[in-house]
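A.B. asks: Please see the structure below; I have some questions.
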Amino acid sequence: MTKFKRILLKLSGESLAGKKGYGLDENCLATYARQIREIYEMGVQIGIVIGGGNLFRGLNGVLKGFDRVKGDQMGMLATVINSLALSSALSAIGAKVRVFTAIRMEPVGEFYSKWKAIEALEEGEIIIIAGGTGNPFFTTDTGASLRGIEIEADVMLKGTRVDGVYTADPETNPTATRFDDLTYDEVLSRNLKVMDLSAIVMSRDNKLPICVFNMDEPGNLKKIVEGEPIGTYVHS
Ligand code: UDP
């Protein structure tokens, strides 16, 4: 028995770049794919949303003079590239996987709908939902929250490079301490950098718990679905 039957896994684009910090790292993709297959084999239904920050962010484009909406559309396309890369790494190790896109672009991926996504999950496929929300001015954190709620996931697992939510940035502040557990309102009132505000508010209003954990520590994903207290848990 696993603690969660259906999860939404959010991965940042940057995490796919590995140590290079830019683009796609095939070793990193393979490591993530192995960890995802491990919980897939345990019977967990898995939806995945990936960011695009390793390739392009709309706001960075604005700094270079791009139109914001076009920049965001480029960012959304970056998430599609990342989604195809992870789907390829998962297929290569025998997992059944289907890519959905928030913006119509067959045959790259199937146009997303909640019902097709749930049907695929129930048929034993891992689904990757690319293209964020499909709209500019949003982030893939909000996309992950939206899709997690739509597919009726039990939890959103946000894989990061740190092992949870801290009082301050642990990479720059050695005195920062980690929370085991937080409410959505504490995240908002303490202005903690968990996800962007719209993602937190949307998760709070629709009661989607969030677990922030270190995805670069192999085995963590399995431990979480088995019910071990890994990372920081954000809830009502
Ligand atoms: N984006 C967008 N709408 C969405 C999701 C993403 O316009 O619903 C664009 C936005 O420009 C963003 C980029 O895609 O900067 C990449 O997504 P994000 O920054 O969330 O990626 P991550 O930080 O998770 O790698």
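The values are calculated or read from the model by the stated rules, or taken from the named source; none is laboratory data. Not measured: the values here are computed from a predicted model. Here Cβ is always computed from backbone atoms with ideal geometry, including for glycine, and neighbour counts include all displayed protein chains.
A.B. asks: Pairs, please: C-beta under 7 Å, at least 6 apart or cross-chain, first residue farther than 11 Å from residue 144 by Cα and touching a residue at least 12 places away in the same chain (Cβ under 8 Å) and in segment 195-206, second in a helix (DSSP H, G or I) and hydrophobic (A, V, I, L, M, F, W, C)?
C.D. replies: 206/149
A.B. asks: For segment 213-220, state whether one or more residues are outside any loop (DSSP other than H, G, I, E, B) and over 17 Å from residue 36 (Cα atoms).
C.D. replies: No: segment 213-220 contains no residue that is outside any loop (DSSP other than H, G, I, E, B) and over 17 Å from residue 36 (Cα atoms).
A.B. asks: When the residues of segment 37-59 are narrowed to those that are part of a loop (DSSP other than H, G, I, E, B), among the hydrophobic types (A, V, I, L, M, F, W, C) and more than 16 Å from the ligand (Cβ to nearest atom), which ends up nearest to the chain's Cα centre (by Cα)?
C.D. replies: Filtering segment 37-59 for residues that are part of a loop (DSSP other than H, G, I, E, B), among the hydrophobic types (A, V, I, L, M, F, W, C) and more than 16 Å from the ligand (Cβ to nearest atom), the one nearest to the chain's Cα centre (by Cα) comes out as 44.
A.B. asks: Of the numbered conditions (1) loosely packed, with under 14 Cβ neighbours inside 10 Å; (2) within 13 Å of the ligand (Cβ to nearest atom), residue 102 satisfies every one except a single condition; which is it?
C.D. replies: (1)
A.B. asks: If a residue must be more than 23 Å from residue 121 (Cβ to Cβ), within 16 Å of the ligand (Cβ to nearest atom) and touching a helix residue (DSSP H, G or I) at 6+ places or on another chain (Cβ under 8 Å), how many such residues does segment 16-36 contain?
C.D. replies: 7
A.B. asks: Against the conditions (1) more than 8 Å from the ligand (Cβ to nearest atom); (2) part of a helix (DSSP H, G or I); (3) surrounded by 20 or more Cβ atoms within 10 Å (Cβ to Cβ), where does residue 75 fall short? Just the number, please.
C.D. replies: If we test residue 75 against (1) more than 8 Å from the ligand (Cβ to nearest atom); (2) part of a helix (DSSP H, G or I); (3) surrounded by 20 or more Cβ atoms within 10 Å (Cβ to Cβ), just (1) comes out false.
A.B. asks: Still on this structure, I have one more. Among the listed residues 210, 224, 149, which satisfies the condition of being among the β-branched types (Val, Ile, Thr), crowded, with 22+ Cβ neighbours inside 10 Å and within 15 Å of the ligand (Cβ to nearest atom)?
C.D. replies: 210
A.B. asks: Any chance segment 207-227 includes a residue that's touching a helix residue (DSSP H, G or I) at 6+ places or on another chain (Cβ under 9 Å) and farther than 18 Å from residue 9 by Cβ?
C.D. replies: yes
A.B. asks: I'm trying to understand the selection: among the residues of segment 118-134, which are in contact (Cβ under 8 Å) with a residue 40 or more places away in the chain and within 16 Å of the ligand (Cβ to nearest atom)?
C.D. replies: 128, 129, 130, 131, 132, 134
A.B. asks: Follow-up. For the subset of segment 191-207 comprising residues that are closer than 15 Å to residue 165 by Cα and loosely packed, with under 13 Cβ neighbours inside 10 Å, which member is modelled with the highest pLDDT?
C.D. replies: Of everything passing the filter in segment 191-207, 191 is modelled with the highest pLDDT.
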